[in-house]
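Contents: one structure, followed by commentary.
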Amino acid sequence: MICVLLLAAGEAWESPALADLEAHPGVVVLKRCVDVDDLLASVTSGQSDVAVVSLDAPGLDPASTAHLRRHAVRPVAVTTSRSDDLDVREHAQRLGITAVVGAGELASLASVVVSVEDAADTHARDGAAVEVLPDVVPAEDGADGGRVVVVWGPGGAPGRTTVATNLAWEVASRRTDVVLADLDPYGGAVAQQLGVLDEVSGLLSASRLAGAGQLDDRFASVCRGIGEHLAVVTGLPRADRWREVRAAQVDQLLERARASAQVVVDTGFCLEEDVGSDFGGRPGRNALTLAALEQADEVVVVGAADPVGLTRLARGLVDLRERAGGIPVRVVVNRMRSSIGWSEKEIAGMVEGFSRVAGLHFLPEDRAAVDKALVSGRPLAEVGDSPLVQGIAALADALFPVSVPSVPAGRRRRGRRPR
Ligand SMILES: Nc1ncnc2c1ncn2[C@@H]1O[C@H](COP(=O)(O)OP(=O)(O)OP(=O)(O)O)[C@@H](O)[C@H]1O
Ligand SMILES: [Mg+2]
């Protein structure tokens with residue numbers, strides 16, 4: 001049985017195509033999608049095999065087709081032009097779509113749907129489908145590239161950005177290339193913490209380039225380099241601009257980043273699959289965080305070391321397990337201080353009661369160092385060595401073993417810029 005999603009974008013071929021597909025043995029049309037976002041959200045259910053899409057659907061870009069493939073959904077494009085038209089071929093090639101059904105060929109759509117194979121396979125049927133080779137770089141699975149470490153944590157500002165920023169800095173200071181991406185859909189803060197005065201948002205540029213199929217080639221232009229080893233993709237300049245970034249574009253950004261470097265991602269706090277209020281099941285604001293989690297090799301969950309923070313952390317760990325079960329989780333209990341009255345052992349007992357974790361780290365409260373760093377727009381290591389900086393270095397050891405220098409930890413210099 002082949003399950004099909006249909007995105008006709010209001011074109012007249014929808015009704016006859018639907019009738020033909022439904023009449024074809026072994027084919028079931030699962031859903032008529034209202035737009036590309038609806039299609040991309042629908043494929044994540046894992047129930048569909050083929051997406052029949054209008055080649056001219058607004059928003060259909062290489063990132064969208066890469067997203068389809070990641071969910072093992074094979075695209076078939078329908079165009080109202082001739083399928084051997086040069087522009088049509090080029091457009092399909094840019095999208096990485098190999099099967100195109102053109103004007104006058106609609107009768108063969110169902111047979112193309114049944115026989116279309118995976119992306120790179122060349123395929124034609126009775127002259128109905130044009131063969132075009134995708135020029136889209138296939139998704140890296142990270143096997144040879146860097147690790148993607150996603151820093152997440154519940155609401156209440158437990159210190160996600162502080163951990164993400166200083167972790168990336170630490171890894172870069174060991175001469176290991178790292179991309180730090182600010183994907184917080186509630187507004188970016190990484191740039192400010194690192195004193196990057198950006199006029200352009202790296203994330204918004206990346207999403208525009210991903211949409212145009214140019215991100216792979218122009219990735220360097222969306223990064224702000226700090227020293228030789230740290231590249232920062234700055235976040236949203238205003239919280240309300242989250243609508244300009246789609247999950248599929250986040251996928252492409254992280255795939256490109258991990259192809260050449262280790263990756264640290266700062267995210268938002270909320271894991272709810274909020275459906276946008278505008279129309280048609282469009283993925284909402286938290287799609288950015290959820291997309292990052294989907295790409296994660298490991299998640300760092302940051303919680304604050306006080307009664308409210310720990311309760312939120314416990315709930316967060318349960319939510320995360322439901323959302324992203326299977327990804328290793330490392331917990332950071334931040335802002336530890338004696339005035340709270342709990343020992344590390346007591347907190348460890350609580351955390352382990354809620355979730356199996358790959359590791360548990362404690363970072364001390366250090367208001368003076370954090371303030372000094374924030375006010376001067378510098379990372380913590382730049383304002384001096386401290387137990388907080390050492391705690392972050394230990395976290396980097398665990399998350400990015402590839403960065404661990406061969407000199408004994410006690411002899412490592414601190415407070416230096418990434419080179
Ligand atoms: N170990 C620490 N000691 C003292 N202050 C800290 C520590 N870690 C973080 N802070 C402070 O806590 C506040 C929140 O930190 P941060 O911005 O990193 O949190 P967040 O989880 O990213 O929050 P948001 O929800 O705003 O994204 C900041 O003022 C930061 O300086
Ligand atoms: Mg933050």
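The values are calculated or read from the model by the stated rules, or taken from the named source; none is laboratory data. In this text the structure is predicted, and so the values were computed from the model without any measurement. With ideal geometry, Cβ positions are generated from the backbone for all residues, glycine too; neighbour counts draw on all protein chains shown. Areas reflect the complete protein model, heavy atoms only, side chains present, ligands, DNA and RNA absent. Shrake-Rupley method; radii C 1.70, N 1.55, O 1.52, S 1.80 Å.
Before moving on, here are some points about what is shown:
- Rg over Rh, two decimals, the chain (C-alpha only, Kirkwood Rh): 1.04
- A dipole drawn for the chain from +1 and -1 charges on Cβ atoms has a positive end, and of SER111, VAL149, THR80 the residue lying farthest that way is VAL149.
- Potential lengthening between ARG238 and MET350 on full extension [0.36 nm per residue; Cα-Cα distance subtracted]: 36.6 nm
- Accessible surface, 1.4 Å probe, highest first, among residues PHE269, PHE219: PHE269, PHE219
- Euclidean distance between Cα centres, region 208-263 to region 176-191, Å: 9 Å
- Where N is the number of residues in region 155-239, Cα Rg divided by 2.2 N^0.38 Å: 1.07
- HIS71/MET1 FRET efficiency (R0 25 Å; Cβ-Cβ; nearest 0.05): 0.90
- Here each label is just a point 7 Å from Cα along the line to Cβ, and for ASP297 and ARG82 those points are 5.0 nm apart.
- Counted over the chain, the DSSP beta bridges are approximately 10% antiparallel.
- Computed over the chain: relative contact order in percent, which uses C-alpha pairs under 8 Å that are six or more apart: 16 percent
- Kirkwood-type hydrodynamic radius, region 321-372: 12.6 Å, calculated from all non-identical alpha-carbon pairs.
- Dipole in debye (nearest 20) - the chain, about Cα centre, beta carbon charges: Lys, Arg +1; Asp, Glu -1: 2180 debye
- Taking the inverse of the mean reciprocal distance over all distinct Cα pairs, the Kirkwood hydrodynamic radius of region 211-328 comes to 16.1 Å.
- Entry for region 2-115 at q = 0.10, 0.11, 0.17, 0.19 Å⁻¹: log10 I(q)/I(0) = -0.24, -0.29, -0.72, -0.93, Debye formula applied to identical alpha-carbon scatterers, no solvent contribution.
- Range of Cα positions in region 1-48 per principal axis (Å), largest first: 26, 26, 7
- Top positive-direction residue, dipole computed over the chain with Cβ charges, set GLY359, SER205, PRO387: PRO387
- Pairwise label distance in nanometres, ALA212 with VAL375, each label 7 Å out on the Cα-Cβ vector: 4.3 nm
- Within the assembled protein chains, the solvent-accessible surface assigned to ARG224 is about 100 Å², based on a 1.4 Å probe.
- The residues ARG82, ARG246, ARG378, sorted by heavy-atom accessible surface at 1.4 Å with ligands and nucleic acids left out, run ARG82, ARG378, ARG246 from largest to smallest.
- Local net charge near ALA358, Cβ-Cβ under 12 Å (Lys/Arg +1, Asp/Glu -1): -1
- Taking all protein chains into account, the per residue accessible area for region 2-115 stands at 37 Å² (1.4 Å probe).
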